[in-house]
1. Which of (1) among the charged types (D, E, K, R); (2) assigned to a helix (DSSP H, G or I); (3) at pLDDT below 75 does Arg48 not meet, given it meets every other one?
2. Working only within the range 44-68, note down all residues that are crowded, with 16+ Cβ neighbours inside 10 Å, more than 15 Å from Ile139 (Cα to Cα) and not aliphatic (A, V, I, L, M).
3. Mind checking which pairs have a first residue in the range 16-33 that is in contact (Cβ under 8 Å) with a residue 12 or more places away in the chain and a second that is outside any helix (DSSP H, G or I) and surrounded by 11 or more Cβ atoms within 10 Å (Cβ to Cβ), Cβ under 6 Å, 6 or more apart or different chains?
4. How many residues does the range 119-141 hold that are in a strand (DSSP E or B) and within 17 Å of Thr51 (Cα to Cα)?
5. I'm checking my understanding of the structure. Among residues of the range 17-45 that are at pLDDT below 80 and over 22 Å from Asn123 (Cα atoms), which one is farthest from the chain's Cα centre (by Cα)?
6. Checking the structure you have, find out if any residue of the range 193-203 is hydrophobic (A, V, I, L, M, F, W, C) and over 29 Å from Gly131 (Cβ atoms).
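The values are calculated or read from the model by the stated rules, or taken from the named source; none is laboratory data. Quick caveat, the model's predicted, so the values are computed rather than measured. In this analysis, Cβ positions are derived from the backbone assuming ideal geometry, glycine residues included, and neighbour counts consider all displayed protein chains.
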Amino acid sequence: MDSISEKLKLDLFYTSEALVIVIGSILLSFIVNRFFNRLFKSSLRKKRDVTNYRFVQHLITATIYMTGFALIIFNIPNLRHLASTLLAGAGIAAAIVGFASQQALSNVVSGVFIIIFKPYRLNDRITTKDGLIGRVEDIGLRHTTIRDYQNKRIVIPNSVIGGEYIVNSDHTNMRICQFVDFDIAYTASIDKAREIIQSEAGKHPSAVDGRTKEEKEQGQDVFLVKVTELGDYSIKIRAWIWAEDPGKAFMMKCDLLESIKKRFDKEGVEIPYPYMNIVSQTKK
């Protein structure tokens, strides 16, 4: 009876000890995350790069939970004995686990390289080779999370995104040149179309002067408008219009497509569409 009571006391002690470790790990993780979240917000207000902070946050959190798990196994004799038994006969199992963990380790190493060399940072707008577009929301130990413009989260393993080419619209300078293309009829005036496009671009609040010092000295137009192609049934015109960032550039393009189309309609600049002539012959 005494042995049973003693065993129950030991089980209760080990259970309590494990519970304390679990609660301590959760509490410590909460404190660390709270600290880094405050640091993160403060850095954003000061317009500092926060990529390193977020990665270190994930690394410390993972270390806390792994350490807590190891302490539970080490402090509970039954679990320690089970772990020793498994390790003693784990030749094949270790090979299987090692093979399975190669991808996980590859993701961690790729994540470290991303943080060191910074091909992209948090809040950067990137485009992958598969055409996925969005802003980098998180860079974790295993994967990078991108939030697209439909507010969906795209989760890409670090080893995948670290090994492919991406387009980073915010790498050093967020200013971007937006193409605005129009087709006009061969009977329309190119000069009139150019004047309308430049006029509407100059009215838009997001349009900026993207000319270099040399281009200004040479008297180049603020908004360059050129004929890019003589098509089968239309003249293709392109305008180069600069904006402060990709988000403003996209909205600016949408606004200009509408306002320029209305000006074309009002001032008689025709936007053509394909014509088809059908010739009918009858034999006598």
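1. So Arg48 meets the others, but not (2).
2. Within the range 44-68, Gly68 is the sole residue that qualifies.
3. If the second residue must be outside any helix (DSSP H, G or I) and surrounded by 11 or more Cβ atoms within 10 Å (Cβ to Cβ), no pairs are left.
4. Going through the range 119-141 one residue at a time, the tally reaches 8.
5. The extreme case among them is Glu17.
6. yes
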